[in-house]
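S.K.: Could you have a look at this structure, given as structure tokens, before my questions?
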Amino acid sequence: MVAGPIVPLDDSRLYASGLYALYEGRWFRADRGKPWPEYVVVGVEPGESIPEGFTETTNDFTFIATRRVTPAELSALCSVDTYCTWKNSTWKIARIDRVRNVATLKIALTLKGDYPEVKPWPQPIDFRSVPTVDYMDREWIAVDVRPEEMARVMLLVTAFETPPPVTALLDDEVQAWPDSVGLSPWLPAEDALAVVRGRIAGEDLGSYPVDRLQADRLRDGWRVWAVPPVSDDPLDVRLGWAVWYVADDGVVWRSSTSTDFGVAEQRLTDQLFERLQATRRG
């Protein structure tokens, strides 16, 4: 293998954090395996084609097929730390499910290298109320997102000089993922409430109780409304009671309790996703 400080990965695909090996002209996710460094286990992830010479695996959630190779058989070997912005917070991309087109992100408590600072950003505690976010413990939060909605994806590539010695690291190289979007905004609850109060001030809503407005966190924004008062009439379900949906990029639209909450929330997500696609940086 020819050692060098730069190991350009194939930018036609996105790499999750991990160890990667260039074997017979193709990049594979790798595992040090045992024994290391005499051998490296290269694997085929779900959704990828299996080359000849690989052995299919069973009960393996990472690889559908593997092959054990020596470092001398590799054209390049590197570790990758991949970061992105989601909801104005920096996350580490832990896994990419290419079959379901889903990426698993974990909150990054530390980040080496240069990364843009974006405001406003939520505190980790703010994610407790966000649907689909798994608050694992005090230090780790995980969430599954579509790769297309991860903003400013950055890869820190550390090359191994091999052989020998495999353990000698070369300088990091920063690679930007060209197809990532440029924004993944987060709107604080107080801003969503302010937007809706401004809208109500310009509309004739009669005695709508503005003082009782509340913001309920959704995946990609807020549902802002005053919960209808309790009625003694069992037939009074308050259909048509005003509800506002405010996306994380500040776009707001008025709805009502006549529209199913789940339908309205999906519309909020879909429309925000479409708007963000216009911010691709590639």
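S.K.: Straight-line reach from Lys106: which lysines have a Cα under 23 Å away, not including same-chain ones fewer than 8 places off?
M.R.: Straight-line reach from Lys106, under 23 Å: Lys87, Lys92, Lys119.
S.K.: Could you check how much of the accessible area of the stretch 3-57 is carbon and sulfur, as a whole percent, using a 1.4 Å probe?
M.R.: 50
S.K.: Something else: Averaged per residue, what accessible area in Å² does the stretch 1-85 show with a 1.4 Å probe, protein chains only?
M.R.: 50
S.K.: How big is the charge dipole of the stretch 1-78 about its Cα centre, in debye rounded to the nearest 20, if each Lys and Arg gets +1 on its Cβ and each Asp and Glu gets -1 on its Cβ?
M.R.: 200
The values are calculated or read from the model by the stated rules, or taken from the named source; none is laboratory data. Computed from a predicted model, the values in this text were never measured in an experiment. Cβ: placed from backbone, ideal geometry, glycine included. Neighbour counts: every protein chain shown. Remember, those area values only see protein heavy atoms, side chains included, never the ligands or the DNA or RNA. Shrake-Rupley method; radii C 1.70, N 1.55, O 1.52, S 1.80 Å.
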